[in-house]
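The values are calculated or read from the model by the stated rules, or taken from the named source; none is laboratory data. These figures come from a predicted structure and were not determined experimentally. Positions of Cβ are backbone-derived with ideal geometry, glycine not excepted, and every protein chain shown enters the neighbour counts.
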Amino acid sequence: MRKFVIKVEGKSYEVEVEEITGGKASYSEESHAVNNYEPQVVEPIQTPKDNSGSSAKKSLNGDAVNVKAPMPGTILDIKVSEGESVEKGQIVCILEAMKMENEIVSPVSGTVAQISVAQGASVESDDTLFFIE
């Protein structure tokens, strides 16, 4: 058995992998197990990070628009603050991805209800950046 730490959607998991030599792995339809090994679900070894600097989250109304990262990268700059009014198309932050600076814009006009990232934070595709009401 070899142990590895893998990262899935920003969460780290510790897994054990059995190396099989000299043969092929078999698959059982009944048990969905490989070589009679049942996978175990483990909890993340670290809790999801909260980069907003706020320990208590505001209650968002059902109309809040979730602005998500379009690609993995690093937040270079946040151009707005919570409670600030924004217009549709206004730049809310700068995301660096593959050595390029990408402007993330507000998809709607409204008020920034919550900022879910901080400058310098690494984000994955579809991570929440902002909520706009």
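Are there any pairs, at least 6 apart or on different chains, whose C-beta atoms fall under 7 Å, with the first in the stretch 100-111 and touching a residue at least 12 places away in the same chain (Cβ under 8 Å) and the second polar (S, T, N, Q), and if so, which? As it stands, the answer is 105/90; 106/90; 111/85, since those pairs meet every condition given. Scanning the stretch 78-133 for residues that are under 17 Å from the mean Cα position of the chain (by Cα) and not in a strand (DSSP E or B) gives 116, 117, 118, 119, 120, 121, 124, 125, 126, 127.
The lone criterion from (1) surrounded by fewer than 14 Cβ atoms within 10 Å (Cβ to Cβ); (2) under 16 Å from the mean Cα position of the chain (by Cα); (3) modelled with pLDDT under 50 left unmet by residue 9 is number (3).
Which members of the stretch 74-99 meet the condition of being basic (Lys, Arg), farther than 17 Å from residue 64 by Cβ and in contact (Cβ under 8 Å) with a residue 12 or more places away in the chain? Working first, answer last.
Let us first name the residues in the stretch 74-99 that are basic (Lys, Arg), namely 79, 88, 99.
In the following step, the residues that additionally are farther than 17 Å from residue 64 by Cβ were identified as 79, 99.
Within the stretch 74-99, 79 is the sole residue that qualifies.
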